[in-house]
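Colleague: The structure follows.
The values are calculated or read from the model by the stated rules, or taken from the named source; none is laboratory data. Everything numeric here is computed off the predicted structure, so don't read it as measured data. Using ideal geometry, Cβ is built from the backbone for each residue, glycine included, and neighbour counts are taken over all protein chains shown. SASA here: full protein model, heavy atoms, side chains in, ligands and nucleic acids out. Shrake-Rupley method; radii C 1.70, N 1.55, O 1.52, S 1.80 Å.
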Amino acid sequence: MDQAFNDSQVKRQITVQCDTVDDTCSGFTAVSHEDKAVLVVFRGSTSDEQLVVEGLETVFASKKSWISGGTVSEYFNDAFYKIWSAGMKDDVNSLVAKYPEYQVWMQADGYTQSPSKPRPLINFPYLQVTGHSLGGSLASLAATYISFINIIPSHQILLVTFGQPRTGTLNFTESVDRLVPNAYRITHSHDPIPHLPGKGHHGYFHHKSEVYYNEKMSGWEICEEDEGQKCSNSNSFDLDFEDHLHYFNLDILKLGYSNCQNTSIIN
């Protein structure tokens, strides 16, 4: 945490077994006093085998009804509730109670405005919920859950995910749009994971808003609507898994394994 945020503290990391082949899912809560923000962060998949299990259980297993509406992948649903029940619920409530003036973050630092449609900087305290890949799906569930049960007002929640797969049905995506107005899905050029499961396949759809970056992450397109056709949906065939592992010119795996140290920007 201290590699990314000044004056920050981790509350606790929680890791649970999340499928039948002993894969784990993980998340942690933290606080950034400099940003006046509570952070809720979820880890992505840790192996190719876990990706396969996620895919099979998402496409072929039954979906689960979600508290805010619609249905979601059974894998993502069960993983979220295991982490939440194992202590994240207590940690989020504790931090929000201790720092009532802070927001809850589910966002990435750096994205503040669109070149074609400027947004005001969010300059009040907030809760940030964030995650990459599998972690992005878990973050979207966490954000809607926290908003729906009113742990903190929706305008104080900021959700930003990276390389998030489709997580639930249309009614679920509409609930994300309604309950988490500050929600952004960051996608990277040829990343294949945001295309899974296929649009409408078994009823899966993406929520808004998508921020679609080009290969070098030097320019982007904003799609304010669900499943915008000018963002990642405009490139459904020319895909490369390397783009899933690299965001903002950083190697996601090396970033995690090195605790955000010894990571060089890729030119």
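Colleague: Obtain the nm distance between the two label points defined at Phe237 and Asn171 by a simple spin-label model: each point lies 7 Å from its Cα along the Cα-to-C-beta direction.
Modeller: About 3.6 nm, to one decimal.
Colleague: Over the alpha-carbon set of the range 175-250, work out the extent along each principal axis and list the three values in angstrom, largest first.
Modeller: 32, 27, 19
Colleague: Hey, another quick one. Students often get this wrong, so check it: of Lys11/Lys64; Lys89/Lys199; Lys36/Lys216; Lys36/Lys82; Lys63/Lys89; Lys63/Lys199, which have C-alpha atoms separated by over 21 Å?
Modeller: Numbers: Lys11/Lys64 30 Å; Lys89/Lys199 32 Å; Lys36/Lys216 31 Å; Lys36/Lys82 28 Å; Lys63/Lys89 23 Å; Lys63/Lys199 16 Å.
The answer is Lys11/Lys64; Lys89/Lys199; Lys36/Lys216; Lys36/Lys82; Lys63/Lys89.
Colleague: Going Cα to Cα from Lys98, which aspartates and glutamates come in below 20 Å? Please leave out same-chain ones fewer than 8 positions away.
Modeller: Correct list for Lys98: Asp7, Glu34, Asp35, Asp90.
Colleague: Right, something else. Could you work out how much longer the chain between Lys89 and Glu215 gets when fully extended? Use 0.36 nm per residue separation minus the Cα distance between them, nm to one decimal. Walk me through the intermediate numbers first.
Modeller: Details: separation 126, 0.36 × 126 = 45.36 nm, distance 3.73 nm.
Stretched out fully, the Lys89 to Glu215 stretch lengthens by 41.6 nm.
Colleague: A further question follows. Between Ser62 and Gln229, what is the label-to-label distance in nm when each label sits 7 Å out along the Cα-to-Cβ direction?
Modeller: Between Ser62 and Gln229, the simple spin-label model gives 3.7 nm.
Colleague: Could you look at the range 183-224 and say what percent of its accessible area is carbon and sulfur, using a 1.4 Å probe and all protein chains? Before the final figure, lay out each step's value.
Modeller: Details: 860 of 1500 Å².
Reported share for carbon and sulfur atoms: 57 percent.
Colleague: Let's test this: bin the Cα-Cα distances of the range 162-211 at 10 Å from zero up to the farthest pair and state each bin's percent.
Modeller: The calculated distribution, bin by bin, is 28, 56, 16.
Colleague: Can you tell me how much longer the chain between Asn150 and His33 gets when fully stretched, taken as 0.36 nm per residue apart minus their C-alpha distance, in nm with one decimal? Don't skip to the answer; put the middle values down first.
Modeller: Details: separation 117, 0.36 × 117 = 42.12 nm, distance 2.25 nm.
Gain on extension, Asn150 to His33, equals 39.9 nm.
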